[in-house]
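Undergrad: I have a structure I would like to understand better, so I am pasting it below and will then ask my questions one at a time.
None of the figures in this text is laboratory data; all of them are computed from the coordinates on show. Source: prediction; values computed, not measured. With ideal geometry, Cβ positions are generated from the backbone for all residues, glycine too; neighbour counts draw on all protein chains shown.
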C-alpha cells in the first residue's frame, strides 16, 4: 500500500505517464521521476527502492553516492579554505555564521566529504534479540573549500541544523560518535590550544585546522578515509528537551571510551569554538536489510537503542530547530 501510494504521488507530480503498467517501464519511470524532482526529503527516493525492486524482480541496494546528491556541485570559482579564512577574518561571529551558511548551502565543500562511509551499530534487547543498523557518515567534519585547500569549519547549532536539514542529514548521537571513533581507519590525537576568548576566532580555526592536516598527513590518512579524534562533535541528546537554546557537545577521544569532552550542554546554541566539528549523518539507515528513516528509528522505543544509548529521541527536529532561542 505504501509503495503504491508513493508511486502514484511521485509519478503524478512528474512529467511521466503514471499509466505505464509494464514492470520495466514502471521501474524506469520511477527512477527518472525521482531524479526530476528535487526531493523534499531524500527519504522518498529510498522508500521507493523496494517498490522498484519488486516491480522488476531484482533487489536494489542503497547507492551511497545518492545520499549526497542534494548537495550542489562545487564551482571552481568558489573560495578555497584559505581564501574563506581571510574573507571572514574581520567579521563578527554572527556575520561569519551567515558566510559559513551561504558557502556550504551553495555546495562549497570538498569533494571527498560527499563520499559517505558506512558505520555499523548494534544493541541487545532485554529479550536477547540483537538489533543491528548501518548509518552513513561523512569521513571528516564539515569543511569549506576544495580538496586541495579546505578549512574544517566550526559553527553554531543553528547553522549546523540548517545545513543538515537542507541536505537530508542530521547530527550524530553520543553512541554514533563512539562507533565512528572505533571504526575509523585513522585515530588522530587531540591537540587542544590554549583556552580563552581567542578560541572562537577565525585565526584559531585556521591554526587548529593546519595542525589536524599535518597530523593526518603524518599518519598517512588520505582524503575520504574515515578519521576521528581531531575535534569534539556537536550531537543530539534528550538533554536538550529541558535545556532549550543550548548546544550539546561530546567526544574528542584520546582512545576507545576516553573522550576529553563528556556530554555537555553548558554553552548556548550560538556558541562555537575551534575544537568543535560537524559530522553529517545521513537520514537514511539500514536495518535488517530495509531502508528506514533515522528519525523514525530514533523515535521508536523498540529500536532506538541501536542508535542512541539514551533510548528514544523523539523530538530530533525540535532539538535542532533553528527557531530555538539562543544564548552564548
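Undergrad: What does the convex hull of the alpha-carbon atoms of the stretch 73-176 project to on average, in nm²? Working shown, then result.
TA: Details: hull surface 30.3 nm².
The number I arrive at for the stretch 73-176 is 7.6 nm².
Undergrad: With a 10 Å radius around each residue's Cβ, average the other Cβ atoms per peptide and rank 64-74, 302-312, highest first.
TA: Working: 64-74: 16.5, 302-312: 18.8.
Highest to lowest by the protection proxy: 302-312, 64-74.
Undergrad: Classify the stretch 180-251: rounded, prolate or oblate, from the alpha-carbon gyration tensor (a ≥ b ≥ c, eigenvalue square roots; a/c under 1.5 rounded; otherwise prolate if a/b is larger than b/c)?
TA: Values: a/c = 2.97, a/b = 1.34, b/c = 2.21.
Cα axes put the stretch 180-251 in the oblate bin.
Undergrad: Could you calculate the contour length gain from residue 201 to residue 185, that is, 0.36 nm times the residue separation minus the distance between their Cα atoms, to one decimal place in nm? Walk me through the numbers before you get to the answer.
TA: Numbers: separation 16, 0.36 × 16 = 5.76 nm, distance 3.02 nm.
Extending this stretch completely gives an extra 2.7 nm.
Undergrad: Could you list 231, 175 in order of exposure, starting from the residue whose Cβ has the fewest other Cβ atoms within 10 Å? Working shown, then result.
TA: On the way: 231 26, 175 17.
With the fewest neighbours first, 231, 175 line up as 175, 231.
Undergrad: Follow-up question, since we're still on this one. Of 103, 95, how do they rank once you tally other Cβ atoms within 10 Å and put the fewest first?
TA: On the way: 103 21, 95 11.
Least to most surrounded, the residues fall as 95, 103.
Undergrad: To the nearest 0.05, how large is the calculated FRET efficiency for residue 63 and residue 106 if R₀ is 35 Å and r is the Cβ-Cβ distance? Working shown, then result.
TA: On the way: r = 24 Å, r/R0 = 0.69.
Calculated value: 0.90.
Undergrad: For residue 223 paired with residue 73, estimate the spin-label separation in nm (one decimal), with each label point 7 Å from Cα along the Cα-to-Cβ line.
TA: 1.6 nm
Undergrad: Can you work out the FRET efficiency for the pair residue 130 and residue 293, with r the C-beta to C-beta distance and R0 = 22 Å, to the nearest 0.05? Can you show the working numbers first?
TA: Numbers: r = 21 Å, r/R0 = 0.97.
Efficiency, rounded to the nearest 0.05: 0.55.
Undergrad: Would you calculate the separation in nanometres between label points at residue 266 and residue 82, each defined as 7 Å from the Cα along the Cα-to-beta-carbon direction?
TA: With each label point 7 Å from Cα toward Cβ, the separation is 3.5 nm.
Undergrad: For the stretch 72-319, report the % of Cα-Cα distances exceeding 24 Å. Please list the in-between numbers first.
TA: Numbers: 13312 of 30628 pairs.
Of all Cα-Cα distances in the stretch 72-319, 43 percent exceed 24 Å.
Undergrad: Binning at 10 Å from 0, report for the stretch 191-328 what percent of all alpha-carbon pair distances ends up in each bin.
TA: 11, 33, 35, 19, 2
Undergrad: Still on this structure: Mind jotting down the distance between the C-alpha centroids of the stretch 109-134 and the stretch 206-221, whole Å?
TA: Cα centroid to Cα centroid, the span is 26 Å.
Undergrad: Starting from the Cα gyration tensor of the stretch 156-196, take the square roots of the eigenvalues, sort them a ≥ b ≥ c, and report rounded, prolate or oblate (rounded when a/c is under 1.5, otherwise prolate if a/b is larger than b/c, else oblate).
TA: On the way: a/c = 2.65, a/b = 1.25, b/c = 2.12.
Note, shape of the stretch 156-196 comes out oblate.
Undergrad: Which value results when the Cα radius of gyration for the stretch 130-270 is divided by 2.2 N^0.38 Å? Write down the numbers at each step before the final one.
TA: On the way: Rg = 15.0 Å, N = 141, 2.2 N^0.38 = 14.4 Å.
For the stretch 130-270, the normalised Cα radius of gyration comes out at 1.04.
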